[in-house]
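Just so you know, all these numbers are worked out from the coordinates, no wet-lab data involved. Because the structure is a prediction, the values reported are computed rather than measured. Backbone-built Cβ (ideal geometry, glycine too); neighbour counts: all protein chains shown.
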There are 2 protein chains.
Amino acid sequence: MSEQHPIGRWISILYRQNQKQLSQVLKPYGLGGGGQHAFLKNVLLHPGIRQDQLTLDLKFDKATTARAVQHLEQEGYIERVADEQDRRAYLLYPTQKGLDFLPTLLRLMEEHNAAITRNLSMEEEALLAGLLKKVYES
Amino acid sequence: MSEQHPIGRWISILYRQNQKQLSQVLKPYGLGGGGQHAFLKNVLLHPGIRQDQLTLDLKFDKATTARAVQHLEQEGYIERVADEQDRRAYLLYPTQKGLDFLPTLLRLMEEHNAAITRNLSMEEEALLAGLLKKVYES
DNA sequence: CCAAAAAGGTTGCGAACGCAACCAATATTC
DNA sequence: GAATATTGGTTGCGTTCGCAACCTTTTTGG
């Protein structure tokens, strides 16, 4: 019965499973299951980051970034400030609501990561992250 | 610069990157980048499989299976036959076009898998698959 | 048996995402 | 310094997917 799924299949299965769980955890806070939590976390940890830097860091399409940022702004977690140096760009800052939420967000993400890796030792977790990074670099 | 992405983030990045590449490879054959290739492969290798068995094997929602199967039927790769034993169910069989396509599909999938794992040794690939399975089982 | 529950399948709906086209602002080139 | 190319960002569109509601058929419990 041991399914011999190739890497790509596992990635697909785990991605969808992960999205489902995360959306459950984050729904009470108005954050969709998508990458929104990742965008928010990045803004909270790097106040004043440029929108297009988010796109690069998180490796989403810039359209996706635009919509995630718009959503976070509507929910009141962040605000957008036009960059004086480059008037095409926006700088992203947490609001007070965002700042207040940071500890909760970090805890939720930590708990979620612990949940999905609870069958792995510390060494295995680091090994897995390293292997995934290698795959990404192909 | 070495980003310390957690497992979940890597899964997300790799999933989207993978979908993109696969959809490019499979577009000429009328197969969307989604799970469609996986459904087709399963039907080709297990002629007469029940639709709901596909759902279980591939771990998609049954609605997604319904749509993938419908698409494969419209493209002429498979056909659906009502199960005489259980008139709610459908049995899925490859068409001649599907059978003819099997070698190509297997080759394409093999090439794709080789591409995404080209930075990994055989041992690392097996190790990675094992770790991903462990994560799945949480 | 008959009513109620469960199972296989489909469809409507909404969320997340990438691509392409577009706009405004900045860089580049001659 | 004007024409052109590039860049940051937004919007429209199409695809993929899960959930919930529903229909039909089968199974289960009294």
**Fill in**
Restricted to segment B:71-116 and to residues being among the charged types (D, E, K, R) and assigned to a loop (DSSP other than H, G, I, E, B), the residue nearest to the chain's Cα centre (by Cα) is B:Glu75
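Name the residue, out of A:Ile78, A:Ile13, that is of a type in the set (A, V, I, L, M, F, W, C), buried (at least 17 other Cβ atoms within 10 Å of the Cβ) and within 12 Å of chain B (Cβ to nearest Cβ).
On the way: A:Ile78 fails: within 12 Å of chain B (Cβ to nearest Cβ).
Going through A:Ile78, A:Ile13 in turn, the sole match is A:Ile13.
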**Request:** Identify, by number, the condition in (1) touching a His at 6+ places or on another chain (Cβ under 9 Å); (2) closer than 28 Å to A:Val135 by Cα; (3) touching a residue at least 24 places away in the same chain (Cβ under 8 Å); (4) part of a helix (DSSP H, G or I) that A:Leu40 doesn't meet.
**Result:** (1)
**Message:** Between B:Pro103, B:Pro94, which is surrounded by 14 or more Cβ atoms within 10 Å (Cβ to Cβ), more than 7 Å from every other protein chain (Cβ to nearest Cβ) and either touching a helix residue (DSSP H, G or I) at 6+ places or on another chain (Cβ under 9 Å) or over 15 Å from B:Leu72 (Cβ atoms) (or both)?
**Reply:** B:Pro94
**Message:** Of the conditions (1) within 13 Å of DNA strand D (Cβ to nearest atom); (2) surrounded by 19 or more Cβ atoms within 10 Å (Cβ to Cβ); (3) farther than 14 Å from B:Met109 by Cα, B:Gln51 satisfies every one except a single condition; which number is it?
**Reply:** (1)
**Asked** Only one of (1) over 12 Å from the mean Cα position of the chain (by Cα); (2) within 14 Å of another protein chain (Cβ to nearest Cβ); (3) hydrophobic (A, V, I, L, M, F, W, C) fails for A:Ala68. Which number is that?
**Response** (1)
**From B:Leu108, B:Leu128, residue being within 14 Å of chain A (Cβ to nearest Cβ) and over 22 Å from B:Ile11 (Cβ atoms)** = B:Leu108
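Could you please find all residues in segment B:63-102 being free of Cβ contacts under 8 Å to residues at least 12 places away in the same chain and more than 13 Å from B:Leu40 (Cβ to Cβ)?
Residues of segment B:63-102 free of Cβ contacts under 8 Å to residues at least 12 places away in the same chain: B:63, B:67, B:70, B:73-74, B:82, B:84-88, B:96, B:100.
Selection gives B:Ala63, B:Arg67, B:Ala82, B:Glu84, B:Gln85, B:Asp86, B:Arg87, B:Arg88, B:Gln96.
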**Request:** Filter segment A:52-62 for residues that are without any contact (Cβ under 8 Å) to a residue 24 or more places away in the chain and in a helix (DSSP H, G or I) and give the result.
**Result:** A:Gln53, A:Thr55, A:Leu56, A:Asp57, A:Leu58, A:Lys62
